[in-house]
Amino acid sequence: MRPIILASASPRRAELLRAAGIPFTVRPADVDESLEPGEDPPAYVQRLAHAKAMAIETRPGDIVLAADTTVTVDGEVLGKPADRRDAARMLRLLSGRAHEVHTGICLATDEETEMDLATTKVWFAPMSDTEIAAYVATDEPVDKAGAYGIQGAASKFVERIEGCYFNVVGLPVELVWRHLRRMTGA
C-alpha cells in the first residue's frame with residue numbers, strides 16, 4: 001500500500017488506524033478551525049478535513065488522510081470545550097437526549113482528492129449534576145468534541161447509537177478503508 005500520512009495529532013485516530021492494520025505516519029496539520037457564519041456542521045467538518053489535507057506537504061505517491069469531528073445538538077456545534085465549565089455545559093445539553101456526531105474525511109494524493117462524511121446519532125441517558133461533575137473531573141472531556149469520549153468513562157451514559165461507533169470515536173474506519181481501497185487498488 002502507498003504511504004499514508006495522517007494529518008492529525010489525535011491519539012484516537014491513530015489507535016483506530018493501527019487496530020485496523022492500516023499503516024501510516026503522523027504529520028499533524030495546523031489550520032484555523034473557526035466555524036464560518038451560517039456554515040452547517042457537515043459542510044464545516046468536510047471543509048476542515050480538506051484544509052488539513054491540503055496543509056500537508058507531500059511527495060508523489062503519498063496519500064494524506066485528514067479528518068475533523070464535531071457534535072451537534074439543536075443546531076449548536078459542540079467542538080472541544082474551552083474549559084471544565086464549558087465541558088459541563090455541553091454535557092448538560094446532551095443529557096437525556098439524542099445528538100449527532102459528524103466526521104468529515106479527506107484523502108488526497110497528487111492526482112486526486114476524495115471527501116466524504118459520516119454521521120452517527122447518539123442517545124445519552126439523563127445525567128445528574130453530580131455525574132457530570134465527576135466525569136468532568138476526570139479531564140477526559142477536555143480534548144474531545146462534545147466533551148465526551150464514547151470509548152471511555154462516558155460510555156456508561158450512552159443508551160444507544162445509530163450509525164458507525166468508530167465515527168463517534170473520531171474516524172469512520174470502514175468509510176476511510178473504502179476510499180483507500182479504491183485509491184490504492186488494494
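Scanning region 155-166 for residues being touching a helix residue (DSSP H, G or I) at 6+ places or on another chain (Cβ under 8 Å) and closer than 27 Å to Ile22 by Cα gives a total of 3. For first residues located in region 2-13 and free of Cβ contacts under 8 Å to residues at least 24 places away in the same chain, partners that are in a loop (DSSP other than H, G, I, E, B) and lie 6+ apart or on another chain with Cβ distances below 8 Å form the pairs Ala9/Pro28.
When Ala145, Ala154 are checked against the criterion of being without any contact (Cβ under 8 Å) to a residue 24 or more places away in the chain, crowded, with 19+ Cβ neighbours inside 10 Å and not charged (D, E, K, R), Ala154 stands alone in meeting it.
Within region 81-101, does at least one residue satisfy the condition of being in contact with a Lys or Arg (Cβ under 7 Å, 6 or more places away or on another chain) and more than 29 Å from Met183 (Cβ to Cβ)? For region 81-101, residues in contact with a Lys or Arg (Cβ under 7 Å, 6 or more places away or on another chain) and more than 29 Å from Met183 (Cβ to Cβ): present. Restricting Ala82, Ala118, Ala108 to those that are surrounded by fewer than 19 Cβ atoms within 10 Å (Cβ to Cβ) and of a type in the set (A, V, I, L, M) reduces the list to Ala82.
Where a number appears in this text, it was derived from the coordinates with a stated rule and is not lab data. Bear in mind the structure is a predicted one, so any value in this text is a computation, not a measurement. Methodologically, a virtual Cβ is constructed for each residue, glycine included, from the backbone with ideal geometry; neighbour enumeration extends over all protein chains shown.
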